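The values are calculated or read from the model by the stated rules, or taken from the named source; none is laboratory data. These numbers were taken from a predicted model, which means no experiment stands behind them. Heads up, the Cβs are rebuilt from the backbone with ideal geometry, glycines too, and the neighbour counts pull from every protein chain shown. Areas reflect the complete protein model, heavy atoms only, side chains present, ligands, DNA and RNA absent. Shrake-Rupley method; radii C 1.70, N 1.55, O 1.52, S 1.80 Å.
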Amino acid sequence: MNRNKATKRLVQNIAIWIISLMAITPILLIVINAFKTAPEASSMNFSLPQMFQFENFVTVIEKGKLVRSFVNSVSYSGISSMLCILVSATAAFALARNKMKFNRFLYFFIIMGIALPLNYFTLIDVMKWTHLMNTKAGIIVLYSVTQIPFSIFILYGFIGGVPRELDEAGIIDGCGPKRLFFSVIFPVLRPAAVTVFILSFLNTWNEFLLPLYYLNSADKWPMTLAVYNFFGQFQQSWNLVSADIILTILPVIIVYLLGQRFIISGMTSGSVKG
């Protein structure tokens, strides 16, 4: 019995290591070639550069106009993720605490958006009708609504595990619906809310088709379109392309690590209080 468990654990560890290597290898290849000269990076191999070319990143920032695109991406992803948390948390709380037939239907109708494809051509007419085409507000709204179904799905299940006694205690203390949610329920949802923020931020930061279709001005492009445009101009300079990719994925990695630390600290403090 113990031998079977050890064999199963060994197979699982080997599978995890293989999957991890498959995910890390492309990133390692990009990191190494980002510090090479153009001739050295032309073959895109794992050999170390003779001298680390840090000026590649300066060239990318200047020629790729990444500062403007970085600010756009941070504003798009940050604001849309915050709106997504606010709307999803309030909706999930209302649906989870009032389990009527209509609310159950509404919940399943909303989470159908996880699987249903987005009709980009019909959405163009909607964006034009609402005068949100080629606007920063429009892309923020699009980012938010596309992340709401999955966010409600996560928060709905989490709220289901929150005891109703907290609601009753808040009502006894004189809390109205708004104060009950924001002062009593939402602090309990912090781990799930941070998870939703991280997932929403990652998805919107990497979004390519929505800004491609609905943002016509280069001044409003996020990082994904800036990288695409940069690759078209410097596709022969793989060292610059690699540096551009690193600068694009670095903020996402930082947000992910900070979010994980925030979740762990919240769970640790909660267990200490308990």
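Could you tell me whether SER47 is outside any helix (DSSP H, G or I), more than 30 Å from LYS220 (Cα to Cα) and outside the structural domain of ILE253 (by the TED database)? Can you show your working first?
Numbers: outside any helix (DSSP H, G or I): yes; more than 30 Å from LYS220 (Cα to Cα): yes; outside the structural domain of ILE253 (by the TED database): yes.
Yes; evaluated as a whole, the condition is true for this residue.
With the checklist (1) open to solvent by less than 40 Å² (accessible area, probe 1.4 Å); (2) not polar (S, T, N, Q); (3) not in a helix (DSSP H, G or I) in hand, flag the one item HIS131 doesn't pass.
HIS131 satisfies all of (1) open to solvent by less than 40 Å² (accessible area, probe 1.4 Å); (2) not polar (S, T, N, Q); (3) not in a helix (DSSP H, G or I) except (1).
Could you run through the range 12-24 and say how many residues are open to solvent by 90 Å² or more (accessible area, probe 1.4 Å) and more than 27 Å from the chain's Cα centre (by Cα)?
Summing the residues that are open to solvent by 90 Å² or more (accessible area, probe 1.4 Å) and more than 27 Å from the chain's Cα centre (by Cα) in the range 12-24 gives 1.
Looking at this structure, is ILE61 under 17 Å from the mean Cα position of the chain (by Cα), part of a helix (DSSP H, G or I) and under 27 Å from ILE253 (Cβ atoms)?
Working: under 17 Å from the mean Cα position of the chain (by Cα): no; part of a helix (DSSP H, G or I): yes; under 27 Å from ILE253 (Cβ atoms): yes.
When the stated conditions are applied, ILE61 does not pass them.
Going residue by residue through the range 151-168, is there one that turns out to be in the same structural domain as MET112 (by the TED database), of a type in the set (D, E, K, R), in a helix (DSSP H, G or I) and within 16 Å of ALA94 (Cβ to Cβ)? Walk me through it before giving the result.
Within the range 151-168, the subset in the same structural domain as MET112 (by the TED database) is 151-168.
Next, from what is left, pick out any that are of a type in the set (D, E, K, R): 164-165, 167-168.
Now narrow it down to the ones that are in a helix (DSSP H, G or I): 164-165, 167-168.
Okay, now just the ones that are also within 16 Å of ALA94 (Cβ to Cβ), so 164, 167.
Yes: one or more hits.
What are the residue pairs meeting all of these: first residue in the range 2-30, first residue aliphatic (A, V, I, L, M), second residue assigned to a helix (DSSP H, G or I), Cβ atoms under 6 Å, and 6 or more apart or on different chains?
ILE30/SER242; ILE30/ILE245
Somewhere in the range 97-107, is a residue hydroxyl-bearing (Ser, Thr, Tyr), out of contact with any strand residue (DSSP E or B) (no Cβ under 9 Å at 6 or more places or on another chain) and within 24 Å of THR195 (Cα to Cα)?
Yes, the range 97-107 has at least one match.
Has the range 36-55 got any residue that is of a type in the set (Lys, Arg) and open to solvent by 40 Å² or more (accessible area, probe 1.4 Å)?
For the range 36-55, residues of a type in the set (Lys, Arg) and open to solvent by 40 Å² or more (accessible area, probe 1.4 Å): absent.
When you go through (1) out of contact with any Lys or Arg (no Cβ under 9 Å at 6 or more places or on another chain); (2) in contact (Cβ under 8 Å) with a residue 40 or more places away in the chain; (3) closer than 30 Å to LEU142 by Cβ one by one for ASN72, which number turns out not to apply?
Only one criterion is unmet by ASN72, namely (1).
Step by step: first the residues of the range 165-219, then only those that are small (Gly, Ala, Ser) and crowded, with 17+ Cβ neighbours inside 10 Å, then the one that is modelled with the lowest pLDDT. Which residue is that?
To start, the set of residues in the range 165-219 that are small (Gly, Ala, Ser) comprises 169-170, 174, 176, 183, 192-193, 200, 217-218.
Now narrow it down to the ones that are crowded, with 17+ Cβ neighbours inside 10 Å: 170, 192-193, 200.
Details: GLY170: 86, ALA192: 90, ALA193: 91, SER200: 94.
Among them, the one singled out is GLY170.
Among (1) open to solvent by 50 Å² or more (accessible area, probe 1.4 Å); (2) at pLDDT 90 or above; (3) over 30 Å from SER73 (Cβ atoms), there is one condition ILE159 misses while meeting the rest; what is its number?
(1)
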